[in-house]
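The values are calculated or read from the model by the stated rules, or taken from the named source; none is laboratory data. Everything quoted here is computed from the prediction, not taken from an experiment. Note: ideal-geometry Cβ built from the backbone for every residue, glycine included; neighbour counts use all protein chains shown. Ligands, DNA and RNA are excluded from the accessible area calculation, which covers all protein heavy atoms including side chains. Shrake-Rupley method; radii C 1.70, N 1.55, O 1.52, S 1.80 Å.
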Amino acid sequence: MKKTTASFFLILTFATIHAQSAAELDAVMEPVKMLFEGMQKGDSALVRKAFSKTVTMATIGIDKNGSPFIKHESSINDFLNAIGTPHTEIYNEMIWGEKILIDGNFAQVWTSYAFYLGKKFNHCGVDAFHLVKGATGDWKIFHLADTRQKEGCKVPMRITKQFK
């Protein structure tokens with residue numbers, strides 16, 4: 001009987017920890033999803049809600065001469081202006097293969113993406129989000145870095161089918 005009771009509590013404890021972990025993983029992804037939803041809608045206020053008060057961004061790529069570059073941004077104002085300014089094409093950034101790591105109030109999301117202007121493929125790469133959990137328990141993006149390339153993209157068929 002003691003062995004059965006101990007096993008039951010062990011299983012119950014594991015299930016509770018796993019459920020909390022799944023809920024926390026979903027909570028970490030919430031601002032990431034909010035960002036992409038805001039981009040699709042052209043809603044800069046929704047995009048802004050995904051980020052902390054202070055934000056840094058970086059883009060890493062290869063320039064037209066074949067040389068590597070890194071472009072740093074210490075503000076998201078230009079990004080928000082680009083999202084909020086009326087444009088004819090919808091900004092569709094599709095992600096897959098998310099890897100989420102959490103340590104206390106710090107989280108990282110690493111994910112592959114493909115960016116489409118309307119239905120036309122524009123570029124792909126990797127997004128790396130750093131997030132912080134605030135006093136109210138909500139997660140916010142405080143740093144976003146991405147890579148960009150136009151060739152060699154391995155976009156899943158389930159995504160490419162959406163843009164044909």
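Rounded, prolate or oblate, given the Cα gyration tensor of region 76-152, with a/c below 1.5 counting as rounded? Oblate, because a/c is 1.5 or more while a/b does not exceed b/c. Relative to the Cα centre, the charge distribution of the chain, modelled as +1 at Lys and Arg Cβ and -1 at Asp and Glu Cβ, gives a dipole magnitude of about 420 debye.
Heavy-atom accessible area, probed at 1.4 angstrom with all protein chains present, ranks ARG48, ARG148, ARG158 as ARG158, ARG148, ARG48, highest first. A Förster radius of 25 Å combined with the Cβ-Cβ distance from THR85 to LYS120 puts the calculated FRET efficiency at roughly 0.85.
The relative contact order of the chain comes to 20 percent, based on Cα pairs under 8 Å that sit 6 or more residues apart. Put +1 on the Cβ of each Lys and Arg and -1 on the Cβ of each Asp and Glu in the chain; which of SER52, ILE141, PHE121 then has its Cα farthest toward the positive end of the dipole? Positive-end residue among those listed: PHE121.
Kindly flag which residue pairs out of LYS64/LYS154; LYS33/LYS71; LYS71/LYS161; LYS41/LYS99; LYS53/LYS154; LYS140/LYS161 have an alpha-carbon separation exceeding 28 Å in this structure. Listed pairs above 28 Å: LYS71/LYS161; LYS53/LYS154; LYS140/LYS161. For region 33-164, the pair-distance distribution built from all alpha carbon pairs, in bins 5 Å wide starting at 0, is 2, 10, 17, 22, 22, 16, 8, 2, 0, 0 percent.
In this calculation the C-beta distance from ALA27 to LYS150 is compared with R0 = 41 Å, giving a FRET efficiency of 0.75. For region 123-164, the square roots of the Cα gyration tensor eigenvalues, ordered a ≥ b ≥ c, give a/c of at least 1.5 with a/b no greater than b/c, which places it in the oblate category.
Between helix 2-41 and the chain there is an angle of about 20 degrees, using the helix long axis and the longest principal axis of the Cα atoms. Do the sum for the chain: with -39,500 (n - 2.57) for every DSSP H run of n ≥ 4, divided by all residues, what is the mean residue ellipticity at 222 nm, to the nearest 500 deg cm²/dmol? For the chain, the value works out to -11500 deg cm²/dmol.
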